[in-house]
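Asker: Attaching a single structure in structure tokens format; questions to follow.
Only the coordinates and a few stated rules stand behind these numbers; no lab work does. In this text, all values refer to a predicted model and were calculated from it rather than measured experimentally. Here the Cβ positions follow ideal geometry from the backbone for every residue, glycine too, while neighbour counts run over all protein chains shown.
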Amino acid sequence: MVKPKTSKSAKGAKASSASDTITDPRFAAFATDPRFRLPSKKHTRTKIDKRFSRMLEDDDFSNTATVDRYGRKISSSGKKKALQRLYQPEEEEEEEESEAEVEVEDDAVVEKELRRAEA
């Protein structure tokens, strides 16, 4: 016997998205409570001290064997890219702070010039 073809309509997709909203009052705080929010991508990366920053640049940390234990070739995995996705050097943060300090110094220079002009 031939089974009749069943067509899936778009109603199924709409129903699943409608069921994503939680209507149960017991779980109402889930949508608004900050404890249940996922961290932003900026805060998910672990900051590495300058002592360990070589880990992101050195090939010894990202190199793996090109063959497995049976001698079969292994495709190169992006371990270096994976390390860069997971870890952030602490120096990047210091550079941002130094730029902010430059702006503060500029403000101090402007204030000195204003004082000279007033005097």
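Asker: By how many nm would the segment from Arg116 to Lys47 lengthen if fully extended, with 0.36 nm per residue of separation less the alpha-carbon distance?
Answerer: Working: separation 69, 0.36 × 69 = 24.84 nm, distance 4.44 nm.
Result: 20.4 nm gained on full extension.
Asker: When only Cα pairs under 8 Å and 6 or more residues apart are kept, what is the percent relative contact order across region 44-92? Can you show the working numbers first?
Answerer: Working: 39 pairs, mean separation 29.6, N = 49.
With pairs under 8 Å counted, the relative contact order is 60 percent.
Asker: What distance in nm separates the two pseudo spin-label positions at Ala82 and Arg54, each 7 Å out from Cα along the beta-carbon direction?
Answerer: So the label points at Ala82 and Arg54 sit 2.3 nm apart.
Asker: Then there's this: Starting from the amide H of Phe52, placed 1.01 Å from N in the peptide plane, find each other amide H under 5 Å away whose residue is 5 or more places distant or on another chain.
Answerer: For Phe52, no residues qualify.
Asker: For region 31-38, take each phi angle, set θ = phi - 60°, evaluate the Karplus expression 6.51 cos²θ - 1.76 cosθ + 1.60, and give the result in whole Hz per residue in order, putting x for glycine and proline.
Answerer: The phi angles translate into 6, 10, 6, x, 5, 9, 7, 6 Hz.
Asker: Separate question: What is the set of long-range amide H partners of Lys47 at a cut-off below 5 Å, with H atoms built 1.01 Å from backbone N?
Answerer: Amide H to amide H, under 5 Å and 5 or more residues apart or across chains, Lys47 pairs with Gln88.
Asker: Would you please give the FRET efficiency between Ser40 and Phe61, computed as 1/(1 + (r/R0)^6) with r the Cβ-Cβ distance and R0 = 35 Å, to the nearest 0.05? Can you show the working numbers first?
Answerer: Values: r = 26 Å, r/R0 = 0.75.
Once the sixth-power term is evaluated, E becomes 0.85.
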